[in-house]
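The values are calculated or read from the model by the stated rules, or taken from the named source; none is laboratory data. It should be emphasised that the depicted structure is a prediction, and the values quoted were computed from it without experimental measurement. Don't worry about glycine lacking a Cβ; one is built from the backbone with ideal geometry, like all the others, and counts go over all protein chains shown.
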Amino acid sequence: PFEVLVIGGGPAGASAAIYTARKGFRTGVAAERFGGQVLDTMGIENFISVPYTEGPKLAAALEAHVHEYAIDVMNLQKAEKLIPARQAGGYHEVVFANGASLKTRALIISTGARWRNLGVPGEFEYRNRGVAYCPHCDGPLFKGKRVAVIGGGNSGVEAAIDLANIVGHVTLIEFDSKLRADQVLQDKLRSMPNVDVIVSAQTTEVTGDGERVNGLNYKDRESGAEQRVELEGVFVQIGLVPNTEWLKDSGLELTRFGEIVIDTHAATNLPGVFAAGDATTVPFKQIIIAMGEGSKAALSAFDYLIRNEAV
Ligand code: FAD
């Protein structure tokens, strides 16, 4: 059994494991895919103190840092079920897809999240070549260019406001007949001179020249007419889904969006269970935030372990 088991091997999980190993705890990390979302990223320019890196390089660095310590890394392991301890100090059990299970006194959950895809032709082919998901990350790459934001909820409208300050022109495209974002955000968006808002529009294809995105086709859902916008970038903002489906019947508190509810110490509603990164209610989903949250969860696990004898 472990003293600390971390589920998830992205920036949050790697950071948590290093911190608890440095406290001398027997630590394990089980991850479906060590490296997490970072593996799907190309250029990273906002990991402070590192002006430029690339996803696979950062993922390799995370792994190398974890291997500096006696951390038991179990890659390609998908957690399917959590059976929490019945009392503080007791053992939590995590059951994996291959039928194996692991026991641990403190558990840190950092299973991250995934962006919801449009599922249209061109989206996958031009990912990182004009199709983007994170305005904080990739906005500056489109300085002076034309982009579309797909999705008129709060994140889509926030992204459009953010991008309108950086890029040349923003077209916001919403499937529904009206935007769902807070009114104050909609008002702000409509006051910006370089923004068009198109509602009742179903994106049908992201097009490109073989190298990069050059436009987007959509169907006007009222007239049925096919329309086209020429542009250089498409930001997909139709939802970030936490990887927490496996926790549904565990008694762990989740929001209606599936985010793990944590307090300022990264503690969940279950004693001895902590959570960090994109899978949680922490505002803003970024690498540097996930790492900070992972270290916070680890230090909280340390506090818990020194206060609760094993039972
Ligand atoms: P994740 O990175 O999502 O890692 C989750 C881990 O949990 C993975 O190892 C996964 O395999 C594992 N896991 C999931 N479910 C299970 C399960 N059931 N059992 C076991 N393991 C499981 N942020 C920036 O700061 N700068 C950028 O430039 C940037 N660019 C991005 C570009 C793209 C294309 C994407 C998708 C994201 C980008 N981000 C960027 C966001 C950043 O990658 C995330 O905020 C960060 O990776 C979150 O870290 P995390 O550890 O919480 O989760």
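Scoring residue 62 on the criteria (1) surrounded by fewer than 17 Cβ atoms within 10 Å (Cβ to Cβ); (2) within 10 Å of the ligand (Cβ to nearest atom) leaves a single failure, condition (1).
Filtering the stretch 112-132 to residues that are under 24 Å from residue 15 (Cα atoms) and out of contact with any Asp or Glu (no Cβ under 8 Å at 6 or more places or on another chain) leaves 114, 115. Among the conditions (1) within 12 Å of the ligand (Cβ to nearest atom); (2) modelled with pLDDT under 95; (3) on the phi > 0 side of the Ramachandran plot, residue 266 misses just one, which is (2). Hey, any hits in the stretch 135-148 for a residue that's away from the ligand (no atom under 16 Å from the Cβ) and under 16 Å from residue 115 (Cβ atoms)? Yes, there is a match, as at least one residue in the stretch 135-148 is away from the ligand (no atom under 16 Å from the Cβ) and under 16 Å from residue 115 (Cβ atoms). Taken over the stretch 94-120, residues that are away from the ligand (no atom under 14 Å from the Cβ) and in contact with a Lys or Arg (Cβ under 6 Å, 6 or more places away or on another chain) amount to 0.
Among 215, 210, which is the only one that is among the small types (Gly, Ala, Ser) and either within 16 Å of the ligand (Cβ to nearest atom) or part of a loop (DSSP other than H, G, I, E, B) (or both)?
Details: 215 fails: either within 16 Å of the ligand (Cβ to nearest atom) or part of a loop (DSSP other than H, G, I, E, B) (or both).
After ruling out the rest, the residue left standing is 210.
What number of residues in the stretch 266-311 are more than 24 Å from the chain's Cα centre (by Cα) and either in a loop (DSSP other than H, G, I, E, B) or not acidic (Asp, Glu) (or both)?
In the first step, residues of the stretch 266-311 are kept if they are more than 24 Å from the chain's Cα centre (by Cα); the result is 271, 302-311.
Subset that is either in a loop (DSSP other than H, G, I, E, B) or not acidic (Asp, Glu) (or both): 271, 302, 304-311.
Matching residues across the stretch 266-311 total 10.
Yes/no matrix, rows are residues, columns are (1) surrounded by 14 or more Cβ atoms within 10 Å (Cβ to Cβ); (2) among the aliphatic types (A, V, I, L, M):
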position: 39; (1), (2): yes, yes
position: 100; (1), (2): no, yes
position: 104; (1), (2): yes, no
position: 107; (1), (2): yes, yes
position: 113; (1), (2): yes, yes
position: 137; (1), (2): yes, no
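Within the stretch 19-48, being in contact (Cβ under 8 Å) with a residue 60 or more places away in the chain, more than 7 Å from the ligand (Cβ to nearest atom) and of a type in the set (A, V, I, L, M, F, W, C) holds for 25, 42, 48.
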